[in-house]
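Let me begin by presenting the structure, written as structure tokens, before commenting on it.
The values are calculated or read from the model by the stated rules, or taken from the named source; none is laboratory data. Predicted model only: the values in this text are computed from it and were never measured. In this analysis, Cβ positions are derived from the backbone assuming ideal geometry, glycine residues included, and neighbour counts consider all displayed protein chains.
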Amino acid sequence: MRRPAPGRSVGDAAAPLLAVALWILLFSAACLLHAARPLVPAGTGPTGEAGVLDRTLGALRFLVAERATVAADVYYHGGVGHAAAPRRDPFRAWSERLDPVRHVHLHGAEAAEMLPWLRAATALDAGDVETWLLTAYWVERVGAEAGEVEGVYRRARQAHPRNYRVPQQQAFHRLRTGDWDGAETLLRLALRLWPQGEEDDPDHALRDRAHVASALGLLREVAGDAAAAEAGYREALAARPGHETAAEGLRRAAQGGDPVEARRVLRRLAAEEPAPHACDHHDHHHHH
Amino acid sequence: MRAMRGVAMVAGTVWVEGFRRKDAYVLWVLLAALLGVLAGVEVYGLARPARYVVDAGLLITWVFSGVLVVTLSGRQIAADETSGMVFALLSKPLGRGAYLAGKWLGAWSMALAATLLFYAVVAGMGAVRGGVSGPAVWGQAIALHAAALGIVGALTLALATRLTAGAAMTLGALLAVVGFALMPTLGARAAEAGGPAGAVLTAAHFALPHLELLDLRRRVVHAWGPSPWGPWLASLAYGIGWTALGLLLAWLGFRRRPLRQDGS
């Protein structure tokens with residue numbers, strides 16, 4: 001029996017190599033398109049890069065987007081990802097001595113390292129609002145130019161025109177940049193878009209509504225409009241009885257308001273906005 | 001000394017053949033092009049992100065170096081038989097063991113040389129982007145990568161002593177993928193499976209090479225600094241041990257095998 005001719009080296013592996021190369025090129029092209037004008041006008045369908053990726057990757061892009069989001073989380077933790085529960089395995093023990101397992105977070109400008117993955121995730125699947133919010137939060141925190149942050153919010157709102165959480169988070173971004181008029185407009189938009197009984201997490205949505213309404217109350221109090229401020233605080237308390245900021249604001253508004261104190265509280269609220277990232281220390285494969 | 005010269009001579013024939021085929025150049029250009037495109041992706045106007053470029057570059061480096069070592073080792077014996085080169089080489093005062101050692105050394109060293117060029121591209125890209133780990137961790141990573149190439153090359157060569165070039169390369173690549181991607185989780189899978197399937201998986205867990213023990217990409221990409229020297233030396237010894245075992249298997253498969261010029 002004749003032995004077949006020897007293999008053709010790289011030629012044998014050409015198909016998978018070309019597939020990898022093409023995927024990277026396509027992905028990169030999509031990311032470049034991301035910065036350009038959308039091929040489809042906002043509100044009429046998927047944005048440009050999503051259309052390109054839809055035609056090329058099909059449903060696979062959602063899977064890749066999910067993995068990109070996970071990769072961003074892993075990068076945030078210095079490359080140490082989630083893992084199954086500990087078990088006795090000599091190879092794993094060896095690997096853990098060789099490789100880092102400590103729990104760390106990226107800080108400051110270093111957090112920019114995870115942004116390429118979030119950028120990929122939003123380009124591949126514009127339908128996940130959580131990823132947009134996470135991206136916008138970190139683009140701002142790593143010190144990108146204001147125009148870049150606004151660009152993320154613009155695209156997020158194109159992809160999610162009916163979701164109150166995008167204008168809500170953007171409003172607090174505007175508060176941090178000192179654009180209080182813009183913030184007020186966005187807070188009002190968030191209240192208009194607030195889901196009437198259709199929310200996935202009613203408790204979270206009520207908390208958000210109270211947060212937005214009390215911020216509106218504070219803005220009105222800063223402007224010297226005690227009556228409008230009181231209305232905002234009452235709306236916050238209706239959504240979340242016992243809301244501390246709203247209760248304090250209501251007491252001040254009853255006495256005619258205190259714009260200086262309202263300004264201080266507003267700045268603190270904007271600065272203390274929590275990161276969308278929620279790390280459960282127990283489900284990570286790393287030591288604290 | 002004569003055996004050493006013979007091994008070096010056979011290794012030289014692998015290099016000559018490798019240069020002729022230009023595999024490494026093609027992969028090197030492909031790597032540089034891919035990384036160039038990736039590094040050119042605009043990320044919110046920020047210059048900082050570098051780790052994704054290094055991460056992607058190291059992954060591609062592992063894939064390409066694996067392709068090189070598998071193809072170089074897998075085709076040697078069949079090609080020499082078809083061309084009659086094996087008879088010319090073995091007609092010299094050169095044993096079959098030295099012939100195999102030369103073939104492995106040539107394939108491994110050529111794949112390693114190409115890998116070092118890949119690393120140079122990746123480290124250069126990382127440095128341009130402003131984020132790169134220190135030289136110690138790069139050195140550790142490259143040394144363990146070299147050990148991994150040694151294992152894959154030796155096992156593929158062992159397969160090539162009894163199989164056709166295509167089959168040896170396919171199985172060699174499969175072993176590399178399994179050792180790299182599946183072995184880290186095989187213990188957990190075995191525990192979950194239980195019963196006879198669990199026993200088979202447990203046996204595979206201990207019987208197949210764990211290439212993840214030779215992968216320090218996480219330390220390089222995420223700037224963790226060098227690994228502790230104890231586990232690192234243990235991993236290096238593990239790689240050398242598996243390479244020796246692969247070469248032993250290759251010698252056992254080849255020492256009495258009849259050779260025919262038509263390759264049958």
Region B:44-58, residues that are facing another protein chain (nearest Cβ under 9 Å), out of contact with any Asp or Glu (no Cβ under 6 Å at 6 or more places or on another chain) and assigned to a helix (DSSP H, G or I): B:Y52, B:V53, B:D55, B:A56
Members of region B:131-154 found to be under 30 Å from B:G253 (Cα atoms), more than 14 Å from chain A (Cβ to nearest Cβ) and among the aliphatic types (A, V, I, L, M), listed by number: B:A146, B:L149, B:I151, B:A154
Segments classed as helices (runs of 4 or more DSSP H), wholly inside region B:155-264, with at least 1 members that are among the β-branched types (V, I, T) and within 9 Å of another protein chain (Cβ to nearest Cβ): B:165-177, B:183-193, B:217-221
Residues that are touching a helix residue (DSSP H, G or I) at 6+ places or on another chain (Cβ under 6 Å) and crowded, with 19+ Cβ neighbours inside 10 Å, drawn from region B:162-182: B:A165, B:A168, B:M169, B:G172, B:A173, B:L175, B:A176, B:G179, B:F180
Subset of region B:1-27 [at pLDDT 85 or above, more than 11 Å from chain A (Cβ to nearest Cβ) and surrounded by fewer than 17 Cβ atoms within 10 Å (Cβ to Cβ)]: B:M4, B:R5, B:A8, B:M9, B:G12, B:W15, B:V16, B:F19
Among the residues listed as B:V128, B:V70, B:V121, B:V41, the single one being within 9 Å of chain A (Cβ to nearest Cβ), part of a helix (DSSP H, G or I) and of a type outside the set (D, E): B:V70
Residues (of a type in the set (A, V, I, L, M), under 19 Å from B:A168 (Cα atoms) and either away from chain A (no Cβ under 14 Å) or surrounded by fewer than 19 Cβ atoms within 10 Å (Cβ to Cβ) (or both)) located in region B:80-118: B:L100, B:A101, B:L105
